[in-house]
Each structure stands twice: as structure tokens, then as C-alpha cells.
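One structure below.
The values are calculated or read from the model by the stated rules, or taken from the named source; none is laboratory data. Keep in mind that this is a model prediction, so the values were computed, not measured. Neighbour counts are summed over all protein chains in view; Cβ atoms, including those assigned to glycine, are modelled from backbone coordinates with ideal geometry.
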Amino acid sequence: MVDGGEQLRGFAANEALKQGVAPFGDAIQALKAGLRVARSGWNGKGMWLSLVTTWSGNVGPAPDQYALLPFICMRTVQADFVPWLASQTDMLADDWMVVPAA
């Protein structure tokens, strides 16, 4: 799936993430390490998740009044980005993998 590179070193699930057979918890750890992840079972090509920790967009009339908390976003097939919530199926799946950066 992906060679792993330096960012995967140190993960106990290194091989599972490379092969697309990792559980959700390993995918969360990869996100926290700055990696992109996806489920190998997703039908859409080019879909992946990323952890957003900084934002330069406008969140309302007075954006300086709001603190940004980290959140997970999904890159869609149409190359849009949307906030993402895991389904029960996603959380129980063992087909998570790391997606190489473009």
C-alpha cells in the first residue's frame, strides 16, 4: 500500500498500516502523527482523512473570538474537504491504511 517512510517508524502497527489491515485505533495514532489514512474498503478513489490542527478560514463574523480544536476532515472524491465523523462500521473495521502524501 505505502512504503511507510520515516513517519511510520515507531508504530507497532507499521506493517498493518502499510498493508491496509490496521484497526481504527492505529489509524487514529497515524493521524495524530500527521499522516493521512483511509479505509481500503472505501469505494471512492482519492478519499482520505487528515487531522486539522490549524485553520486559516473564516468561522464567523469574529473569528478571533473562537478557539480552534483539532478535528478530522475527509478529502472527498470531488477533492473537497469536509468534517468527518466515524461510523460504527468505520470504528470496527480492520482495513485502515496510510495514504502517501501527494
Considering only the range 91-98, I want to know if a residue exists there that is surrounded by 11 or more Cβ atoms within 10 Å (Cβ to Cβ), at pLDDT 95 or above and assigned to a helix (DSSP H, G or I). yes
Does Gly4 satisfy the criteria of being buried (at least 16 other Cβ atoms within 10 Å of the Cβ) and either more than 11 Å from Pro100 (Cα to Cα) or at pLDDT below 70 (or both)? yes
Any idea how many residues of the range 29-49 are out of contact with any Phe, Trp or Tyr (no Cβ under 8 Å at 6 or more places or on another chain) and either basic (Lys, Arg) or without any contact (Cβ under 8 Å) to a residue 60 or more places away in the chain (or both)? 11
